[in-house]
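Undergrad: Just passing along the structure, written as structure tokens.
The values are calculated or read from the model by the stated rules, or taken from the named source; none is laboratory data. Predicted model, so just to flag it, every value in this text is computed and none were measured. Glycine gets a Cβ as well: all are built from the backbone with ideal geometry, and neighbour counts include every protein chain shown. The area values use the complete protein model at the heavy-atom level, side chains included, leaving out ligands, DNA and RNA. Shrake-Rupley method; radii C 1.70, N 1.55, O 1.52, S 1.80 Å.
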Amino acid sequence: MSVDTATVRHIAKLARIAVSDGEVEALVPELNNILGWIEQLQEVDVTGVEPMTAVIPNQLRMRADVVTDGDRRDAVLKNAPLAEHGFFAVPKVIE
């Protein structure tokens with residue numbers, strides 16, 4: 001697969017990137033080189049190789065799932081410009 005100037009302009013339009021004519025001409029060989037590297041990677045035999053999520057083994061540090069700051073509704077609602085029945089009150093929005 002090769003990339004031409006029309007394809008570069010189409011990609012730039014999809015990405016919403018403003019690209020000048022000079023930049024389009026410069027991007028054509030760069031994108032073709034990238035696609036060439038991808039084709040080289042597709043030739044590598046990876047049968048029997050387990051997929052990795054990271055290069056080094058990582059384990060997530062777990063913490064206890066405990067509520068630590070409960071029962072603070074009144075303190076939180078002090079910051080509200082308007083509160084009703086223990087909730088933030090906001091204006092009704094109707095389209």
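Undergrad: Search the structure for amide H atoms under 5 Å from the amide H of Ala83, placed 1.01 Å from N in the peptide plane, and list their residues when 5 or more places away or on another chain.
TA: Those lying under 5 Å, H to H, from Ala83 are Ala89.
Undergrad: Ranked by accessible surface with a 1.4 Å probe, highest first, in what order do Arg73, Arg16, Arg63 come?
TA: From most accessible down to least: Arg16, Arg63, Arg73.
Undergrad: Additional query: Springs between alpha-carbon atoms under 10 Å, Gaussian network over the chain: tell me which of Val24, Val55, Val67 tops the mean-square fluctuations.
TA: Top of the fluctuation ranking is Val67.
Undergrad: Then there is this: Could you work out how far helix 5-14 tilts from the main Cα principal axis of the chain, as a 0 to 90 degree angle to the nearest 10?
TA: Result, in degrees: 0.
Undergrad: Take Ser2 and Gln40, extend 7 Å from each Cα along the Cα→Cβ direction, and tell me the distance between the two endpoints in nm.
TA: A separation of 1.9 nm, rounded to one decimal place.
Undergrad: Same structure again: Per the Cauchy relation, a quarter of the hull surface: what is the mean projected area of the convex hull of the alpha carbons in the chain, in nm²?
TA: Details: hull surface 64.1 nm².
For the Cα atoms of the chain, the hull's average projected area reads 16.0 nm².
Undergrad: Over the chain, give the accessible area per residue in Å² for a 1.4 Å probe, as an integer.
TA: Numbers: 9530 Å² over 95 residues.
Accessible area per residue: 100 Å².
Undergrad: Ignoring ligands, DNA and RNA, how do Asp71, Asp45 rank by accessible area with a 1.4 Å probe, largest first?
TA: Numbers: Asp71 165, Asp45 115 Å².
Correct descending sequence by accessible area is Asp71, Asp45.
Undergrad: Expressed as a whole percentage, what fraction of the accessible surface of the chain belongs to carbon and sulfur atoms when a 1.4 Å probe is rolled over the protein heavy atoms? Each step should come with its number before you reach the end.
TA: On the way: 5430 of 9530 Å².
In the chain, the share of accessible area belonging to carbon and sulfur is 57 percent.
Undergrad: With a 1.4 Å probe and every protein chain left in place, tell me how much accessible area Leu31 has, in Å² to the nearest 10.
TA: Leu31 exposes around 50 Å² with every protein chain in place.
Undergrad: Cα axis of helix 21-42 to longest principal axis of the chain: angle in degrees, 0 to 90, nearest 10?
TA: 90 degrees
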